[in-house]
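No value in this document is a laboratory result; all are computed from the given coordinates. Every value quoted in this text rests on a predicted model; they were computed, and no experiment measured them. Don't worry about glycine lacking a Cβ; one is built from the backbone with ideal geometry, like all the others, and counts go over all protein chains shown.
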């Protein structure tokens, strides 16, 4: 089955939409063909990470590139609508991915794996954390025997902000817990410079964070996909929003007793608050285990396979209709 993913990505939007489509492609067992709404540097970064970046824009929907299904993951309803309308004119079925009930467009299949139900009036086909589109390795890792957890993982997303806020946070944690080790995940579009504190290690994770999240005693993550991955893998989480749009998701996890809400990274005192929360969880393993257990019950990691099954059914339905005509 030929699938084209239309994805928005970049330092300001983030790279979670790209990662989500990669996860879906893996679950579908299809090549990772993407049209990226972003800068030339973003497309270059995606290519370097193994994405098959297709140039040509909306013309990719026509022969000889015509896909059996178009998957759109773009937080701009205006941009998504342009692609959806053209695909429907060409009788190509469309699946759209959303967050928090935002940027809905009319499509054959809408998927929103958010923990929060979304804005009032939104209508979605597949909704809730049981449809969170996470890398298939997360579900596989849940089946493994429990790993020994140690150290702190900091994974604040793919933008270059990880070097500013991540380093500052790591140093604040070590002020409170000098014997800890910190593993900092590199950004998507920038490679970290070696060196710095001997107990801080920068880590590249081009194929996902499942292994890192399984082994962390505490994980500090933002409010994107990694928060759901950490929940599914039972990692005690301190969540620090790097943009305001991530706060509703973090609030949703915190209200359910599944994460500690450390606020917005740019706010005064946020780094200290996050570091205090990490130190508290490290000092109280029973509390940390209760937090992680609640999170793992909310997110089972199999949402990507449910979404993939729905997309395959959509493609078959359209193929049957085409053959019948």
How would you rank 137, 107, 76, going from fewest to most other Cβ atoms within 10 Å of each one's own Cβ? 76, 137, 107
With R₀ set to 56 angstrom, the calculated FRET efficiency between the beta-carbons of residue 54 and residue 286, to the nearest 0.05, is 0.65
Among 173, 311, 92, what is the fewest-to-most ranking by other Cβ atoms within 10 Å? 92, 311, 173
Just check segment 237-294 against the gyration tensor rule for me: Cα atoms, a ≥ b ≥ c as the square roots of the eigenvalues, rounded for a/c under 1.5, and otherwise prolate or oblate depending on whether a/b exceeds b/c. oblate
Over the alpha-carbon set of segment 260-325, divide Rg by the Kirkwood Rh and report the Rg/Rh ratio to two decimals. 1.38
Contour excess over end-to-end distance, with Cα ends at residue 266 and residue 211 and 0.36 nm allotted per residue: 16.9 nm
Hey, fewest Cβ within 10 Å first, where do 135, 52 land in order? 52, 135
Fraction of the pair-distance distribution of segment 38-84 above 17 Å, Cα-Cα pairs, percent: 45 percent
Antiparallel DSSP beta bridges within the chain, percent to nearest 5: 5 percent
Expressed in nanometres to one decimal, the distance between label points 7 Å along Cα→Cβ at residue 47 and residue 85 is 3.1 nm
At each listed q (0.17, 0.21, 0.23 Å⁻¹), what is the log10 of I(q)/I(0) that the Debye formula gives for segment 216-325 modelled as equal alpha-carbon point scatterers? -0.75, -1.03, -1.17
What is the Cα centroid distance between segment 13-41 and segment 49-84, reported in whole angstrom? 11 Å
Give me Rg/Rg_expected for the chain, where Rg uses Cα atoms only and Rg_expected = 2.2 N^0.38 Å with N residues. 1.00
Computed, not fitted: 222 nm per-residue ellipticity of the chain from DSSP H runs ≥ 4 (each -39500 (n - 2.57)), nearest 500, equal to -12000 deg cm²/dmol
Run the numbers for residue 175 and residue 148: contour at 0.36 nm per residue of separation, minus the present Cα-Cα distance, in nm. 7.3 nm
Antiparallel versus total DSSP beta bridges in segment 183-325: what percent is that, nearest 5? 0 percent
GNM top mover of 33, 232, 219 - the chain, alpha-carbon springs below 10 Å: 33
Could you give the C-alpha radius of gyration of segment 138-298 expressed as a fraction of 2.2 N^0.38 Å, taking N as the number of residues it contains? 0.93
Once you order the gyration tensor axes a ≥ b ≥ c over the Cα atoms, which shape class does segment 131-182 get: rounded for a/c under 1.5, otherwise prolate or oblate by comparing a/b with b/c? oblate
